[in-house]
Amino acid sequence: MFKNKLNISLSILLVIIIAFTGCKSKYEKLRASNDTAKKYREAVRLYEKKDYNKALGLFSDLVTKYRGSAEAEDLSYYFAYTHYKLRDYTTARYHFKTFADTYASSPKAEECRFMAAYCFYLESPIYSLDQENTIKAIESLQLFINLYPKSERVAEASKLIGNLRDKLETKSYANAKLFLDIGDYKSAVIAFRNSAREFPDTKYAEEMEFLTIKAQALYARASFEIKQEDRYNEAIGLYNEFAQNYPSSKYLKEAEDIKKSSEKAIIDVRKLIALQTAEMKAQEEKIKAAEESKKEDIKNK
């Protein structure tokens with residue numbers, strides 16, 4: 001009884017292995033064949049069945065053989081989308097762009113130009129990483145808008161550009177804040193100002209203006225005494241602009257405290273410089289008196 005069940009199980013397993021091997025063998029035989037028409041039909045069938053890995057194998061075999069033929073345009077279109085479906089966006093982007101450049105008059109050229117830009121968009125990393133692809137995605141999407149200003153995809157392209165600019169905006173803000181966090185106050189002031197200039201409508205505008213005041217005051221405090229008054233005055237000027245721009249800001253109280261401490265620091269540094277000046281003058285007079293005394297002694301001898 002047990003032996004019969006074992007034989008049945010082995011037989012079923014053997015049938016499955018043979019069936020699997022047969023299917024694989026059929027696909028491999030087709031890849032090795034020169035029947036390009038059959039190979040193309042099977043590639044399209046596999047693509048529509050969402051078996052993109054096998055479809056890619058067949059499309060790859062056909063690309064060079066169909067070059068210059070009537071079917072080359074559709075094959076190039078499928079080839080680009082197969083890479084896209086497999087999430088190989090770098091290769092897909094290349095083939096979408098190649099299609100748009102090669103078949104500029106094709107009804108599918110607009111779509112492929114957009115998809116090339118969209119692949120750049122999908123390759124844009126999180127804001128903390130290098131944003132080269134983000135910038136290239138913006139350029140590609142803007143090129144699409146310029147080439148097809150009446151396209152129904154313009155609205156989507158504009159939205160994608162907005163998302164990408166938000167990412168650049170966040171990176172700019174984060175980089176400036178990092179300078180403040182590590183104590184490089186001069187660089188922080190410059191970075192906050194540059195960020196505000198580059199992104200005038202940034203959602204971080206209010207916070208960045210406040211942080212600029214803070215960074216400027218800390219920069220003043222870390223400076224040599226002789227330079228502190230001018231730099232504290234700069235912080236006070238920044239506060240006045242901030243209070244005018246954001247009279248109800250949640251940062252206003254803290255900003256006002258910075259202004260008051262800056263005003264006090266100016267008084268303190270003036271006193272310190274005056275004291276140092278007086279001490280230097282007294283020292284100079286002491287040295288001068290000693291020299292005069294020395295000259296008198298020499299004269300009397």
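The values are calculated or read from the model by the stated rules, or taken from the named source; none is laboratory data. Fair warning: this is a prediction, and the values are worked out from it, not measured in the lab. Methodologically, a virtual Cβ is constructed for each residue, glycine included, from the backbone with ideal geometry; neighbour enumeration extends over all protein chains shown.
Between Asp35, Asp74, Asp51, the distinction of being modelled with pLDDT of 85 or more and more than 30 Å from Leu143 (Cβ to Cβ) belongs to Asp51 only. Evaluate the following for Thr202: is it among the hydroxyl-bearing types (Ser, Thr, Tyr), in contact (Cβ under 8 Å) with a residue 12 or more places away in the chain, closer than 25 Å to Ser140 by Cα and not in a helix (DSSP H, G or I)? Here the answer is yes, as Thr202 does meet what is asked. Give the residues of the range 157-180 that are surrounded by fewer than 14 Cβ atoms within 10 Å (Cβ to Cβ) and charged (D, E, K, R), sorted by residue number. Selection gives Lys159 alone. Considering the range 227-260, the residues that are within 14 Å of Gln216 (Cα to Cα) and small (Gly, Ala, Ser) include one that is surrounded by the fewest Cβ atoms within 10 Å (Cβ to Cβ), namely Gly237.
Within the range 212-248, no residue satisfies the criterion of being touching a Leu at 6+ places or on another chain (Cβ under 7 Å), closer than 11 Å to Ala265 by Cα and polar (S, T, N, Q).
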